[in-house]
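A.B. asks: Have a look at this one.
Only the coordinates and a few stated rules stand behind these numbers; no lab work does. Owing to the predicted nature of the structure, the values given are computational and were not obtained by experimental measurement. Neighbour counts run over all protein chains shown; Cβ positions are idealised from the backbone, glycine included.
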Amino acid sequence: MKVFAVCGPSGAGKDTLIDGARAARPDLHIVRRTVTRPSGPGEDVVGVTPEEFAAIREAGRFALDWQAHGLCYGIPISSLKAAQEGQTVIFNVSRAMLNPASGVFPGLRVINVTASAKVLARRLAGRGRETEADIAARLARDIPLPAGLRVTTIRNDGTAEDGIAAFLAALQPVSA
């Protein structure tokens with residue numbers, strides 16, 4: 001299986017890099033997360049109500065699900081099937097869910113997208129979804145990556161083009 005979990009702090013540019021990879025590599029299977037809020041600009045998610053999310057979860061239609069920031073997130077079970085069929089699968093996931101994700105997706109590789117605190121703050125403010133206090137709380141969070149995973153870190157402080165190029169390079173096969 002070729003499965004990549006993309007993680008990093010809010011505002012690091014994960015969705016921008018994933019969108020750029022999608023444009024450059026139409027062969028990639030980019031997973032649309034299910035989230036209990038409407039989709040916003042620059043984010044390709046399936047927005048559902050909490051009741052709809054619970055029904056989907058009860059029906060066993062998530063390969064992985066979690067809660068963060070007062071919302072529920074899910075990775076559809078179809079992503080597991082795509083990986084089993086040999087497609088390169090990419091999904092955006094919480095850093096706290098990397099260990100469970102590695103249990104669901106054997107051989108999982110992690111692309112950790114980071115940026116400076118100044119860049120993160122500017123990007124979060126630009127989204128207009130959070131208060132200054134919410135932004136400060138997000139910037140203060142430090143979630144370490146679990147040990148034992150194959151991780152490539154991309155510092156996404158520069159142009160979108162530079163970040164996308166680094167992201168595409170991270171998708172290349174690695175020697176064992």
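A.B. asks: State the antiparallel share, in %, of DSSP beta bridges confined to the chain, rounding to the nearest 5.
C.D. replies: Working: 8 of 27 bridges.
Taking every DSSP beta bridge within the chain, about 30 percent pair in antiparallel fashion.
A.B. asks: Along the positive direction of the dipole of the chain (beta-carbon charges: Lys, Arg +1; Asp, Glu -1; about the Cα centre), which of H69, A21, G128 reaches farthest?
C.D. replies: Highest projection toward the positive end goes to A21.
A.B. asks: Can you tell me which of 162-171, 11-20, 58-67, 86-95 comes out highest on packing, and rank the rest after it, using the mean Cβ neighbours within 10 Å?
C.D. replies: Working: 162-171: 17.9, 11-20: 21.7, 58-67: 15.2, 86-95: 20.0.
Descending mean neighbour count gives 11-20, 86-95, 162-171, 58-67.
A.B. asks: How much length would be gained if the chain were fully extended between R32 and A160, taking 0.36 nm per residue of separation minus their Cα-Cα distance, in nm to one decimal?
C.D. replies: Between R32 and A160, full extension yields an extra 44.0 nm.
A.B. asks: Something else about it: For the range 1-101, give the share of DSSP beta bridges that are antiparallel, in percent and rounded to the nearest 5; count only bridges with both residues there.
C.D. replies: Antiparallel bridges make up about 45 percent of those DSSP assigns within the range 1-101.
A.B. asks: Please give the contour-minus-distance gain from H69 to A140: 0.36 nm per residue of separation, less the Cα-Cα distance, rounded to one decimal in nm.
C.D. replies: Details: separation 71, 0.36 × 71 = 25.56 nm, distance 1.37 nm.
Length difference between fully extended and current span is 24.2 nm.
A.B. asks: Put a dot 7 Å past each Cα toward the Cβ at R150 and V46; how far apart are the dots in nm?
C.D. replies: Simple spin-label model gives 2.8 nm for this pair.
A.B. asks: Straight-line reach from K81: which lysines have a Cα under 22 Å away, not including same-chain ones fewer than 8 places off?
C.D. replies: Partners found: K2.
A.B. asks: Taking 0.36 nm per residue of sequence separation and subtracting the Cα-Cα distance, how much length would be gained by fully extending the chain between S39 and E130, in nm to one decimal? Mind dumping the intermediate values first?
C.D. replies: On the way: separation 91, 0.36 × 91 = 32.76 nm, distance 1.47 nm.
Gain in length upon complete extension: 31.3 nm.
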